[in-house]
Amino acid sequence: PYMAQFAGYKIDKGTISLDLNYKITRRNLEANNQVIIDQLTLGEEIDSPDAVSIPVKLAIALLTDSNGNIDLELPISGSLDDPEFNIGALVGKVLLNLVKKVVLSPFTLIASLAGSDEDLSQAEFAKGRNVLSVKQKQRLDSIAKGLNERPELQLEVRGAAYESTDWPVLADTLLREQLNQRKWDELNEDGEAPATPLEIELPLGEYERLLGELFSEKFPQEADTFASAQDSDDPKVSAGFYNMAKEKLRESTPVNESRMKLLAKTRAENISEYLIEKGGISHDRIFLMDLLILPSPPEEGLSSVPLTLSAS
């Protein structure tokens, strides 16, 4: 009855065991309530005005171990002379605070199960990249361990990419692809081109020549600067020009939404594949959510993919 009233769900199945240790000294109570709930299964959801405003199913999934047990330590204390002292109310308050803490910081619990204190609520990637670093793999190992110990939990992965951190790197990639295409077109005229432009490796001299030519076409009013750089014997002059040309060409490249979405998508897929193949997590416990393409990441300099936990 209390579950239905305060959680908003009836109970279909479950047993509860209590190990109570109460000590009263000079009318001061020091007590510990060890509560073990086995195979708790929620039933019908009901409308109760006293129901707590927390995701009950998520809380249960976070607290239920791989054997189907919830093991809670609920210490209380107080003076029996206090007219407002109420054991039931105190136990309820301690329990509610514990559940709220778990629900508000679910990845803290997951990290603790793996003996870690890292923030596991997001996966971090190098700017413009989708490859998992060694450090990020270690974080995913911790998530996998937590998920294996909490079998009712599901992981939601929302692939993300950011214009301020990721696009400059992707723009560099697009620029190199354009230069490879120009070189491929030249080789193709002589019948010497490889199967695709991606197979071309540009030496530095060829890269700079093609970069200068592309710059001159895009910014004809500044074409003479390319000629000056080619004629100069000062390596600093030519290096300064090529750096400027590369930066200006990159900045003039509009954000390509399909490239950004592909980056976000592959980041999420790589996380999912690692957890399934290396972490042993069933594929039906990992959900790839709608993609996020945002101007900038929530934390400066980080390209992060947000992770959330839900209950099955």
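The values are calculated or read from the model by the stated rules, or taken from the named source; none is laboratory data. Just so you know, these numbers come straight off a predicted model, no measurement behind them. Positions of Cβ are backbone-derived with ideal geometry, glycine not excepted, and every protein chain shown enters the neighbour counts. When the accessible area is computed, the model is the full protein with side chains, heavy atoms only, and any ligands, DNA or RNA have been set aside. Shrake-Rupley method; radii C 1.70, N 1.55, O 1.52, S 1.80 Å.
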ask   = Over all distinct Cα pairs, what is the inverse of the mean 1/r for segment 216-274, reported as the Kirkwood hydrodynamic radius in Å?
value = 14.3
key: Positive-end residue of 308, 202, 92, charge dipole of the chain with Cβ unit charges   = 92
query = Taking +1 at the Cβ of each Lys and Arg and -1 at the Cβ of each Asp and Glu, which of 15, 102, 126 sits farthest along the dipole of segment 1-149 towards its positive end, judged by Cα position relative to the Cα centre?
reply = 126
ask   = So what are the ³J(HN,Hα) numbers for segment 148-164, from phi and the Karplus equation (6.51, -1.76, 1.60; θ = phi - 60°), rounded to whole Hz, Gly and Pro as x?
value = 5, 8, 10, x, 8, 8, 10, 10, 10, 10, 10, x, 9, 8, 10, 4, 6
note = Scalar couplings 3J(HN,Hα) for segment 37-44 by Karplus 6.51 cos²θ - 1.76 cosθ + 1.60 (θ = phi - 60°), nearest whole Hz, x for Gly and Pro, are 10, 10, 6, 5, 10, 6, x, 5
Difference of contour (0.36 nm per residue) and Cα-Cα distance, residue 3 to residue 234 = 75.1 nm
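Based on Cβ point charges of +1 for Lys and Arg and -1 for Asp and Glu, what charge dipole magnitude is obtained for segment 1-138 about its Cα centre, in debye rounded to the nearest 20?
Roughly 480 debye, rounded to the nearest 20.
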ask   = How big is the charge dipole of the chain about its Cα centre, in debye rounded to the nearest 20, if each Lys and Arg gets +1 on its Cβ and each Asp and Glu gets -1 on its Cβ?
value = 1260
key: Residue-by-residue Karplus 3J(HN,Hα) for segment 283-289, coefficients 6.51, -1.76, 1.60, Hz, glycine and proline x   = 4, 7, 9, 10, 10, 8, 8
ask   = GluC sites (Glu not before Pro) within segment 109-208: which are DSSP loop residues with at most 16 other Cβ atoms inside 10 Å?
value = 118, 163, 192, 201
query = Accessible surface of residue 24 in the full protein assembly, 1.4 angstrom probe, to the nearest 10 Å²?
reply = 100
task = Please tell me which of these pairs span more than 28 angstrom C-alpha to C-alpha: 218/265; 246/278; 57/127; 57/145; 101/145; 10/100?
result = 218/265; 246/278; 57/127
message = What figure, in Å² to the nearest 10, do you get for the accessible area of residue 261 with a 1.4 Å probe and non-protein molecules left out?
response = 90
request  = Using a 1.4 angstrom probe on the protein heavy atoms only, line up 13, 101 by accessible area, largest first.
outcome  = 101, 13
query = What figure in square angstrom, to the nearest 10, would you give for the accessible area of residue 3 with a 1.4 Å probe?
reply = 50
query = Projected onto the charge dipole of the chain (+1 at Lys/Arg Cβ, -1 at Asp/Glu Cβ, origin at the Cα centre), which of 184, 274, 56 gives the Cα projection farthest towards the positive end?
reply = 56
query = Protein chains only, probe 1.4 Å: how do 95, 187 rank by accessible area, largest first?
reply = 95, 187
query = So how long is each side of segment 17-149 along the principal axes, counting just the alpha-carbon atoms, biggest first, in Å?
reply = 64, 37, 28
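May I ask you to give the percent of accessible area on segment 158-312 that is carbon plus sulfur, with a probe radius of 1.4 Å?
Carbon plus sulfur share of accessible area: 51 percent.
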request  = Select one label from (i) 137; (ii) 158; (iii) 214: the one whose number is volume of the Cα convex hull per residue in Å³ as derived from the coordinates shown.
outcome  = (iii)
inquiry  = Over the chain, with the other protein chains present, what is the accessible area per residue in square angstrom, probe 1.4 angstrom?
reply    = 57
Förster-model FRET efficiency, 25 Å R0, residue 283 and residue 258, C-beta, rounded to 0.05 = 0.45
